[in-house]
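Colleague: Please see the structure below; I have some questions.
The values are calculated or read from the model by the stated rules, or taken from the named source; none is laboratory data. Computed from a predicted model, the values in this text were never measured in an experiment. Here Cβ is always computed from backbone atoms with ideal geometry, including for glycine, and neighbour counts include all displayed protein chains.
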Amino acid sequence: MPIGRPRLIDSPEQMLEMGNAYFDECKANEQPILVTGLVLALGLSSRESLIEYGKRTEYSDAVKALKTVCENFAETRLYGNNPTGAIFALKNYGWSDKQEHELSGPNGGAIPVSLEIDL
């Protein structure tokens, strides 16, 4: 007997159909394509629920494809007059506008320092 709540979305194909219907509606109404809008269109309660579906092997590609459409919408907004919202959204997708540098010594350890004092 299966444990847990039954899935709201029966198959990856159903998920793609529901997601594409949401995208079509956004385009028809000239509304932005958002991950949270996608989540609501799929009948889910949170972004985390979508992430959980993506962890299931059979749904992984469908979730990636749908999220890529949302990411593409945000990315294309970078070329508009006010890209602030798109930049914020892309940061949530893991993009970064900064560089991080980390220094370490041999084998990832501390950096050896020697101090010489001339008297």
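Colleague: Given the conditions (1) without any contact (Cβ under 8 Å) to a residue 12 or more places away in the chain; (2) under 11 Å from residue 12 (Cα atoms), and given that residue 53 satisfies all but one, which numbered condition is not satisfied?
Modeller: (1) is the only condition that residue 53 fails.
Colleague: Same structure again: Quick check on residue 61: is it more than 30 Å from residue 11 (Cβ to Cβ) and either touching a residue at least 12 places away in the same chain (Cβ under 8 Å) or exposed (fewer than 10 other Cβ atoms within 10 Å of the Cβ) (or both)?
Modeller: Against the criterion (more than 30 Å from residue 11 (Cβ to Cβ) and either touching a residue at least 12 places away in the same chain (Cβ under 8 Å) or exposed (fewer than 10 other Cβ atoms within 10 Å of the Cβ) (or both)), residue 61 does not qualify.
Colleague: Is one or more of the residues making up segment 28-39 of a type in the set (D, E, K, R), at pLDDT 85 or above and in a helix (DSSP H, G or I)?
Modeller: For segment 28-39, residues of a type in the set (D, E, K, R), at pLDDT 85 or above and in a helix (DSSP H, G or I): absent.
Colleague: Further, regarding this structure: Would it be correct to say that residue 72 is exposed (fewer than 13 other Cβ atoms within 10 Å of the Cβ), out of contact with any Gly (no Cβ under 8 Å at 6 or more places or on another chain) and under 27 Å from residue 11 (Cβ atoms)?
Modeller: Judged against the criteria, residue 72 is a match.
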